[in-house]
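Q: Here you go, one structure.
The values are calculated or read from the model by the stated rules, or taken from the named source; none is laboratory data. Since the model is a prediction, treat every value here as computed from it, not as a measurement. Note that each Cβ is placed from the backbone with ideal geometry, even for glycine, and that neighbours are counted across all protein chains shown.
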Amino acid sequence: MASGSWEEFFAVHLPPPDFEDNRSLLKEFCERHDQYGNKIVLVTSGGTTVPLEHNTVRFVDNFSAGTRGSSSAEYFLEQGYAVIFMHRLKSLEPFTRHFTGQKLLDMLEIQDRGPNTTISVKPDSVDVLAPILLRYKAAHAAGAILHVSFTSVSEYFWLLRAACECLANVGARAMLYLAAAVSDFYIPKDRVPTHKIQSASGAPIIQLHLVPKMLAPLVNLWVPEAYVVSFKLETDESLLIPKARAALEKYKHKMVVANLLQTRHHRVILVSPDITQEIVLTREEVHAGVDIESSLVSEIVRLHALHMCARGERVSPP
Ligand code: PAZ
C-alpha cells in the first residue's frame, strides 16, 4: 500500500499536548548555542510505538534500547557539541545508562543511625562513579544538553520537525544523527479505536499503512545545510549495504550507518557517497567494555568538519 504524503500526516495527526513547551525549549537551546557559533547535534534514540487504541493499552513497538543514541550523545559532548537528545521515554539516557538496574544502589552503603543515617559511595565504587558524575555535572552546568522525549511515531515526527525548524538557522554547524528506530508502518488516526480492543469481538484484523518517509523533506526542505546521518538496521547481511546505498541515492544525505541487529554493538559500517568504512571492535575491546560509539562519533565529527569547511564555516576545536 502506498504511503500518504508527509504533509497529510501532519494535517491528520495533531501535535502532542506538551509540544509547545518542547518547541520553546528547542528554540531557546538552538538560539543560545548558535549565538556562540557552537556545533549542535540532534541525536534521536530509542524506538517509536504505534498505538492500537487511542486510550492505549496495546501498541506495536520498534526495537531499540537506546544504547547507541545515549552513548553517542556522551561522545558528542566530549567533542564539544551541544546535544539535543531526543529519546523514547524510559529508554537509556546519557550518563545514567551506566547505572541501570541495581547498579547504582549496589555502589552505595548505608549507616543506619536513625535520624543521623548517612549514605555514602563505597570506596571501591568511587573510581567508577566519579568520572561519569563529573562529566554529567559539567554538561548540565554548561547547558550543553537538552532532553526531549517521545513515545509514539507521531510524537516523534512532530518533535523531529520542530527541532529541524530550530536547527535550520544553524546551517552547516548542525548535525542530525538519526539513530532512533522509527516505525515504517502505522494505523491512520481515523482507524484507531478509542477504547481497548475487546477479545469478545473475536481476533482483530489490523491493517497497517506505510509511514511517509520524512527523510526526503528533512534533507531537502527542513535542514538543507545540515550534516545528516541516518541509520539502517537489518537482520539479513545481504540486504545491509544495498539498502544503505539505496537510501543515500534516494535521499541524497551525507551518510548511512549500517548495522545488523545481532552485531550492532561491535560492528558498524559507515556508507557515504565516496566511502564504505567498517568499524569493528576486537574481542579484547568488547571485554574491556569499549563503546563502539567512541570511534563512530570521532569519525563522523571529522567528516562533519570537512562538510563545514566546504560550506565556509570556521571549524572550532573541541
Ligand atoms: O538502541 P540500540 O543500541 O539497542 O540499537 C541501535 C539501533 C540498532 C536501533 C540503531 O543503531 C539503528 O540502526 N537505528 C535505525 C533503525 C532503523 O533502521 O530504523
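Q: Which condition number does PHE9 fail, the rest of (1) under 20 Å from the mean Cα position of the chain (by Cα); (2) away from the ligand (no atom under 16 Å from the Cβ) being met?
A: (1)
Q: If I filter the range 227-243 for residues that are among the β-branched types (Val, Ile, Thr), within 16 Å of the ligand (Cβ to nearest atom) and in a strand (DSSP E or B), do I get at least one hit?
A: Scanning the range 227-243, I find at least one residue that is among the β-branched types (Val, Ile, Thr), within 16 Å of the ligand (Cβ to nearest atom) and in a strand (DSSP E or B), so the answer is yes.
Q: Can you tell me which residue within the range 73-122, out of those that are of a type in the set (Gly, Ala, Ser) and more than 21 Å from THR151 (Cβ to Cβ), is farthest from the chain's Cα centre (by Cα)?
A: Applying the filter and picking the extreme gives GLY114.
Q: Here is a further query. From the residues in the range 17-52 that are touching a strand residue (DSSP E or B) at 6+ places or on another chain (Cβ under 8 Å) and assigned to a loop (DSSP other than H, G, I, E, B), which one is nearest to the ligand (Cβ to nearest atom)?
A: GLY46
Q: Got at least one residue in the range 123-136 being in contact (Cβ under 8 Å) with a residue 24 or more places away in the chain, among the charged types (D, E, K, R), farther than 30 Å from HIS209 by Cβ and within 16 Å of the ligand (Cβ to nearest atom)?
A: no
Q: Testing ALA181 on (1) closer than 23 Å to GLU7 by Cα; (2) touching a helix residue (DSSP H, G or I) at 6+ places or on another chain (Cβ under 7 Å); (3) aliphatic (A, V, I, L, M), one condition comes back false. Which one is that?
A: If we test ALA181 against (1) closer than 23 Å to GLU7 by Cα; (2) touching a helix residue (DSSP H, G or I) at 6+ places or on another chain (Cβ under 7 Å); (3) aliphatic (A, V, I, L, M), just (2) comes out false.
Q: Looking at PHE85, is it touching a residue at least 24 places away in the same chain (Cβ under 8 Å) and away from the ligand (no atom under 14 Å from the Cβ)?
A: So PHE85 does not fit the description; no.
Q: Related question: State all residues of the range 92-138 that are part of a helix (DSSP H, G or I), among the polar types (S, T, N, Q) and loosely packed, with under 10 Cβ neighbours inside 10 Å; if no residue qualifies, say none.
A: ASN116
Q: Can you tell me which residues in the range 154-192 are within 18 Å of PHE59 (Cβ to Cβ), within 14 Å of the ligand (Cβ to nearest atom) and hydroxyl-bearing (Ser, Thr, Tyr)?
A: TYR156, SER183, TYR186
Q: Would you confirm whether or not the range 212-225 contains a residue that is more than 30 Å from ASN38 (Cα to Cα), out of contact with any helix residue (DSSP H, G or I) (no Cβ under 6 Å at 6 or more places or on another chain) and either at pLDDT 95 or above or outside any helix (DSSP H, G or I) (or both)?
A: Within the range 212-225, not a single residue is more than 30 Å from ASN38 (Cα to Cα), out of contact with any helix residue (DSSP H, G or I) (no Cβ under 6 Å at 6 or more places or on another chain) and either at pLDDT 95 or above or outside any helix (DSSP H, G or I) (or both).
Q: Continuing with this model, one more query. Looking only at the range 266-297, count how many residues are without any contact (Cβ under 8 Å) to a residue 24 or more places away in the chain and either aromatic (Phe, Trp, Tyr) or in a loop (DSSP other than H, G, I, E, B) (or both).
A: The total comes to 7.
Q: Report whether or not SER71 is modelled with pLDDT of 95 or more, surrounded by 18 or more Cβ atoms within 10 Å (Cβ to Cβ) and part of a loop (DSSP other than H, G, I, E, B).
A: No, not satisfied.
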